[in-house]
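Notes to accompany the following structure.
Read the figures in this text as sums done on the coordinates, not as results from a lab. Keep in mind it's a predicted model, so treat the numbers as computed, not measured. Cβ coordinates were reconstructed from backbone atoms using ideal geometry, including for glycine residues, and neighbour counts include every protein chain displayed.
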Amino acid sequence: MTDTAATDSRREAAHAFLERHAPGFGALRSASSDASNRRYWRAQGANGKSLVVMDSPPDKEPLDSFLDVQARLEQAGLPVPHIHARDLVGGFLLLDDLGNDTLFSWQAGADPAPRAHALAECRAQLVTVAQVDRGRLPAFDAPRLITEMQLFDNWYRAGHLGVEWSNEQARCWEELRDRIASRLAAMPAVFVHRDYHSRNLMRDEAGWAIIDFQDAVAGPLPYDLVSLLRDSYIDWPGDWVESELDAFWEQARKARLTDIEREAFIEDFAWVAVQRHLKVLGIFARLSRRDGKHGYLDDLPLTWRHLQWALDRAPELAPLRELITGLEPENARG
């Protein structure tokens, strides 16, 4: 079966699923796709109500973790798409339609004051997210963190840039990579969404609804805050970032999520940011080279600048800054 035929058969199966659980809705229209194998189809009912069919091929994107995490978030009172019907064997869910306004798309046309308010709302929501039940979630442990950072080495440095390292440089990389992983793994664990950024937050009547949460783990408190404030798709103003860092730290202390001083929290934030930005550079390069999704290369320069920002605030990682000097994205040079 060709890829086109497989795609057509999935669409036909998605429509049959819709007909079983929401008869009378119209033809499926593509709503969106993401960096995974999932796709989303929108259908309009006669009463004007719209629903979304999530197409998640079970051999590539099983639904178990999505359903588990959705239930945890919904139970905590957080805005997530409600599940109206499910087909675990076929790999389909029938969900609320949250519309098209992601934080990313909405803020592009918003004035500074509403943009700042939206960022503050999403930051405040993260305190509740961190307190969601994390029992039985995968641990964001050192091996997992190392595997993520290795994407930078394999797909970005060697694959995308084609830069070779000496044995000494490779040894230095491994030591620094493992050191970062050990420090993050030792931080007290909370519920972590893992991709709490502007393309996974939808403008909704209940606030900023959360999507793409199926990869949640138990990990460091600053992680989701890094995803939001050091977003690879939006360069939030620096004074906003500093203000939201302070506000989150104060909220987290009141919620007894942390008892460390501000300076220590900012340093933890920086170490977490270094880990995440290294991973994201690798993921964007892999999406281009392996999957043909070259548009993500446009997001490399901002991610690289965010990495430098984090290294500025993690003085113990000066050797890493030196090691990766000259590895900036080609579309950021000149």
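Worth pointing out:
- Cα shape, region 266-316, gyration tensor, a/c 1.5 rule: prolate
- In summary, the convex hull built on the alpha carbon positions of region 144-230 has an orientation-averaged projected area of 7.0 nm².
- Computed lengthening from residue 332 to residue 89, 0.36 nm per intervening residue step minus Cα-Cα distance: 83.0 nm
- Inter-part distance where region 190-232 and region 47-125 are each reduced to a Cα centre, Å: 11
- Most mobile of 247, 31, 108 in a GNM of the chain (Cα contacts under 10 Å): 108
- A viscosity of 1.306 mPa s and a temperature of 10 °C, combined with the Kirkwood radius over C-alpha pairs in the Stokes-Einstein formula, give the chain a diffusion coefficient of 75 µm²/s.
- In terms of packing, defined here as the mean over residues of other Cβ atoms within 10 angstrom, the peptides 125-134, 307-316 line up highest first as 125-134, 307-316.
- Under the convention that each Lys and Arg Cβ holds +1 and each Asp and Glu Cβ holds -1, the size of the dipole of the chain around its Cα centre is about 500 debye.
- At an R0 of 51 angstrom, the distance between the Cβ atoms of residue 171 and residue 206 translates into a FRET efficiency of 0.50.
- Residue among 296, 50, 109 farthest towards the positive dipole end of the chain, charges placed on Cβ: 50
- More than 24 Å apart - percent of Cα-Cα pairs taken over region 3-96: 19
- Between the listed residues 273, 146, 201, the Cα displaced farthest toward the positive end of the dipole of region 103-332, a dipole computed from Cβ unit charges relative to the Cα centre, is found at 146.
- Over region 181-252, volume per residue of the alpha carbon convex hull, in Å³: 118
- Under 18 Å from the residue 144 label point (7 Å along Cα→beta-carbon), backbone N, region 153-189: 178-189
- Once the C-beta distance of residue 247 and residue 321 is scaled by a Förster radius of 22 Å, the resulting FRET efficiency is 0.20 to the nearest 0.05.
- Compared with the alpha-carbon gap, the fully stretched path from residue 15 to residue 305 is longer by 100.0 nm at 0.36 nm per residue.
- Taking every Cα-Cα distance in region 227-334 and sorting them into 5 Å bins from zero, the calculated P(r) comes out as 2, 11, 20, 21, 18, 13, 8, 5, 2, 0 percent.
- With Cα atoms, 0 to 90° folded angle of helix 64-75 axis to the chain main axis: 90
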